[in-house]
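No value in this document is a laboratory result; all are computed from the given coordinates. Owing to the predicted nature of the structure, the values given are computational and were not obtained by experimental measurement. With ideal geometry, Cβ positions are generated from the backbone for all residues, glycine too; neighbour counts draw on all protein chains shown.
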Amino acid sequence: VDLKVEAFAWSPGATSKFTVDSLTATGRLEQETLKLSELRLRALAGDINGEGSIRSTGEKQSFSGTFTFEKIDAARLGDVLGIGKKITGTLAGRMQLTAEIGPLPQVLTSVGGTGEFNLVRGGLYGLDLAEEARRLSDRPVQGGMTTFEQISGRLRMGSGKVRIYDLVIDSGLMQSAGYLDFSKGGAMNGRLELRMHGSANQTRLPILISGTLEAPAVQAVDR
């Protein structure tokens, strides 16, 4: 069966916070597999394009696909993911995803994949890297905000965990590089090396990140 789908103001479930402004896709259903091509979505103030397939085995369905996205509102994405407006900016990138899903249109129950992203002109709320670099306190700094020109990196997710690596944060005279790990319940930990550019020299400072998405903490450490 060949098909073409169009949707407007569509949501995958009554309680879902994710709404698609518009969607178009062509597909072919062959036995237990629905192959989707030319999948185009307008959502979260941006554009998502890709292709994928849904395979059904009894009451279970599995999904795999590749997507590119651009001009995504990071704050609106955070609301959909349940973390609130902890990150602002405009997001672009590419993702390869696999997932096991319950009977449609239930939400995804397990997701795995890899990708890369670029986030420009925004802020990280709850993380104040500049304040920790200024204080050099033996107590973690909580609260505040870090504004940035650009954040880029790669990510890998699976088994309820997410790792962001090759992470680079450009905040003008302050650059950071390192990794962040997230696990179930929003727990996070990671390490960054801050580079402060002055008129005469450059200061390097290792920073540990801990806590949760709701209450992250940063602390300078000895090398």
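Taking only the C-alpha atoms of region 162-223, the Rg (one decimal) and the largest Cα-Cα distance, Dmax (whole number), read 12.7, 44 Å. Just to verify a number: FRET efficiency for Arg195 and Arg156, C-beta to C-beta distance, R0 = 25 Å, to 0.05? The pair Arg195/Arg156 has a calculated efficiency of 0.50. In the frame of its principal axes, the chain has Cα extents of 67, 30, 27 Å, reported largest first. Close amide-amide hydrogen proximity is noted between Gly126 and Gly144, Met145, Thr146, each under 5 Å apart and 5 or more residues distant or on a separate chain (H modeled in the peptide plane; Pro and chain starts excluded). Hey, in the GNM for the chain with a 10 angstrom Cα cutoff, which one of Gln61, Gln142, Gln202 fluctuates hardest? Judging by the Gaussian network model, the answer is Gln202.
Let a ≥ b ≥ c be the square roots of the eigenvalues of the Cα gyration tensor of region 3-54; is it rounded (a/c under 1.5), or, if not, prolate (a/b larger than b/c) or oblate? Prolate, since a/c reaches 1.5 and a/b exceeds b/c.
Between Val120 and Gln202, the modelled label-to-label distance comes to 2.4 nm, taking each label 7 Å out from Cα in the direction of the beta carbon. Overall form of region 124-210: prolate. Here a/c, set by the Cα gyration tensor axes a ≥ b ≥ c, is 1.5 or more, and a/b is the larger of a/b and b/c. Note on Thr147 and Thr90: the extension gain reaches 19.2 nm, defined as 0.36 nm multiplied by sequence separation minus the Cα-Cα distance. Across region 1-96, counting alpha-carbon atoms alone, Rg and Dmax equal 14.5, 44 Å. Rg to Rh ratio, region 74-195, alpha-carbon atoms and Kirkwood radius? Radius of gyration relative to Kirkwood radius: 0.99.
Estimated at 0.36 nm per residue, the fully extended path between Arg135 and Tyr179 surpasses their Cα-Cα distance by 13.6 nm. When both region 58-95 and region 159-223 are represented by their alpha-carbon centers, they are found 22 Å apart.
If R0 equals 25 Å, the separation of the Cβ atoms of Arg40 and Asp166 corresponds to a calculated FRET efficiency of about 0.30.
Shown in residue order for region 71-81 are the 3J(HN,Hα) couplings computed by the Karplus curve 6.51 cos²θ - 1.76 cosθ + 1.60 at θ = phi - 60°: 6, 6, 6, 5, 5, 5, 5, x, 4, 4, 7 Hz (x for Gly and Pro). Estimated from the Cβ-Cβ distance and a Förster radius of 22 angstrom, the FRET efficiency linking Ser22 and Ser110 is about 0.20. Entry note, the chain: the mean residue ellipticity at 222 nm calculated from DSSP H runs of n ≥ 4, each adding -39500 (n - 2.57), is -1500 deg cm²/dmol after division by the residues and rounding to the nearest 500.
Annotation for Ala215 and Leu81: the two label points, set 7 Å from Cα along the Cα-Cβ direction, are 2.2 nm apart.
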